[in-house]
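Data block below; observations after.
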DNA sequence: CCATTTCGTTCCCTCCCCGAACAAATAGAC
DNA sequence: GTCTATTTGTTCGGGGAGGGAACGAAATGG
């Protein structure tokens, strides 16, 4: 799992953008390209970004002076040229900053510490015996997790450049406000500001579904893609959309809500109170709801949901037709939901991302056939469907990416406001 | 109807963008702002766009030299200031170019001629007795329509700057290719190139649903909005999405396809052959299908669909409960479809746009209540819902906007490529 | 030892745009 | 009528971003 996260070698992260892009400052483009490509020569930066060599020298010089980049030997094998002056590698200075990424939950929060090059330094998991939703208590948890991780690697909060926090629910990234979350009491909390004051370090907040997209964009299968969609199925169904190397947060800055689009008007009851939501056919509780019947369980058998689903999968694998039909139905509805995403966004890549073993029940071939039957034929083939199961740290990585992008924004003096 | 299109006075069109935007050349921003605002002083351009007065003088001077802008008296009442040097108005030079916009159909094509300021010069309607789908015949129709309009205003093809053509179906705007259309035989036609050669004038092509979005963005209710969604219900259900003052064409450049998203898995049969598409509950043929039963008609009574629906509306209005139930059902499904758009794109404005009298059956209040029940509550109220019924020239206006934006792109030396 | 090749730097130039100073054209105050 | 306040528009200098060419640097191959 962890090896999967940085399979192309260590210390590379972030969206990989090549080609000229007149809309962003060149200095930022160069930095992003170096971070995304690892040790790379100035000449290659110039070629790949379509920039004159002189400009690259000047700007990288400034970046090195401001201690963001450093020179680092480029692997001689990668330098395909034999003749000529050997290239000097450029890389992000890992020790320039360290950041923390925290995935907040009511019972089971996770966190990681990354260096500036995206390398994982340590991680942590916090389980609470009882659900915790008090804002103060959650802030205390975050602070304690950050401090514990810093202590583990012998650093202090002074060394910390930023913290990214993923909060489930409706989160407005640009303002840092949490409109509503099942992991936090109250409504419309100015979470980023409060947390920044509490920790003493800039805090960025985002929706957990957007974090998955960010994780794929920075560390995962979407790094070399300008456009892709990510769908997760966990306690709920989430989606993230990346357009032009950026996470699409909707016109109002919250983000797409796939889980509650209607695939069956007046259909199955969803925990949101409405009927026919996609989530009502796919999420943990929806499967569990049917599993109770299929496995002849009593409601009193309050088996934890994950184990229940495991049992159902085992039953389906060993030929239990009722169990199989439950998963068939889930897949049928998933196909409809994914086809909606394809019809509306037309992504060239579709990633099913999640923690571990979330998609064991899924037969990709069957899913693709069903999706084909649900998707309008615009002459183009369906986008490739990739299943990506990370470890538990998926969201924490996304939160770390959030923190890293916050740092580069402030450090490279970029004020990127979302248009209202 | 027509008055509605340019209600703020004549000769203004195009997206109205205020505030600084570092990603676009200043010259283009100024031009767009002047076109969108009508006669406006240099000082106001500088204030509204956040540009220094000196730059505005220099750049408008260049635009006047290249005959794109001209000075024009600004209405004294609009100049709220009494004291001070009177402002000199800037406006688009209407005679700089004329463009044609054509909405292609198999039976009933429409077209308009616009001057460079977006003022309608003339319009035309072409009905053919038999459905016409041959590419050559359609090109001949377009050419004839353009020539007829030019003749009407005493101009020739030499005066024409560009032609915009709206083609139903799957159209790739950037490449000008038509992947598939029910109005054209064949597949994957390089329509823009062929038409350009045939007419001898640059031709831009787009999907008819995107044209509606473009029409609203340039001439309609969306001119002052950065983000909004447009939904049309005609022979099919189409949608257009405007993000950041630009028509969103999806990651692959075709555009969102709302009509065939599934609102009811395995539901009503759609003419696309699939089941449960939104269109199968809303489009002309879907209503007509039910109307046959409701009005006790025989299939032999091959009444034209529009008249049939008119009759059904009359019946519903006069208390026919079966007829009412048909429209209730359509509204219910429309609410689900619109809620999907809101869940995924979160537009701050939703426009229901169409030709004439398309939404008579719609009770907006009821629709909003049903949408509320279908939309996940993210703490924000539903976006305002605006119904905009144009005349027949809706799509032709969109095609005209397409031609105008093509001209400004080439004329102002901008090469805006969509990212693949 | 020299030619070749590739990499990185330096210097100059152009383009875009801002800011300040200035000229122009009005209304109102005296 | 004259002067002042006020707003508009233009001119000019300057700074920052980035391109292009020339040059120095560091290797390999003959």
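For the stretch B:174-325, the average shadow cast by the Cα convex hull is 12.2 nm², which is a quarter of the hull's surface. Could you tell me whether chain A comes out rounded, prolate or oblate from its Cα gyration tensor? Rule is a ≥ b ≥ c as square roots of the eigenvalues, rounded for a/c under 1.5, then prolate if a/b exceeds b/c, otherwise oblate. Prolate shape, in that a/c is at least 1.5 and a/b is the bigger ratio. Chain A residue nearest the rotation axis toward B, with distance: A:23, 2 (Cβ to axis, whole Å).
Take residue B:384, push a point 7 Å out from Cα through the beta-carbon direction, and compare it with the same point in every other copy: 4.6 nm, smallest first.
For the protein assembly as shown, the Kirkwood radius over C-alpha pairs fed into Stokes-Einstein at 37 °C and 0.692 mPa s yields D = 113 µm² per second.
Shielding of peptide A:270-277 by partners, expressed as the average count of other chain Cβ atoms within 10 Å per residue Cβ, is 3. Computed from Cα positions, the angle between helix A:321-345 and the longest principal axis of chain A comes to roughly 50 degrees. Taking Cα atoms only, the orientation of helix B:208-218 departs from the longest principal axis of chain B by about 40 degrees.
Between copies, the label points of residue B:154, set 7 Å from Cα on the Cα→Cβ line, lie 9.0 nm apart, reported in increasing order to one decimal in nanometres. Centre-to-centre separation between the Cα atoms of the stretch B:233-312 and those of the stretch A:230-256: 28 Å. Taking label positions 7 Å along the Cα-Cβ direction at both residue A:144 and residue B:95, the computed distance is 8.0 nm, reported to one decimal. In terms of its alpha-carbon gyration tensor, the stretch B:125-231 comes out oblate; a/c meets the 1.5 threshold, while b/c is at least as large as a/b. The tail of the calculated P(r) for the stretch B:135-174 beyond 13 Å holds 62 percent of all Cα-Cα pairs. Taken as Cα centroids, the stretch B:174-191 and the stretch A:110-137 sit 52 Å apart, rounded to the nearest whole angstrom. Against chain B, whose longest principal axis comes from its Cα atoms, helix B:284-294 is set at around 30 degrees.
Each peptide in B:227-240, B:144-157, B:177-190, B:279-292 gets a packing score, the mean of other Cβ atoms within 10 Å over its residues, and the list from highest to lowest is B:227-240, B:279-292, B:177-190, B:144-157.
Counting Cβ atoms of other protein chains within 10 Å of each Cβ in B:252-261 and taking the mean gives 6.
The same position residue A:175 in the other copies lies at 4.2 nm from this copy, comparing label points 7 Å beyond Cα toward the beta-carbon, shortest first.
Taking every residue in B:371-378 and counting other chain Cβ atoms within 10 Å of its Cβ, the average works out to 6.
Just so you know, all these numbers are worked out from the coordinates, no wet-lab data involved. None of these values were measured; they are calculated from a predicted model. All Cβ positions, even for glycine, are placed from backbone atoms using ideal geometry, and neighbour counts span all protein chains on display.
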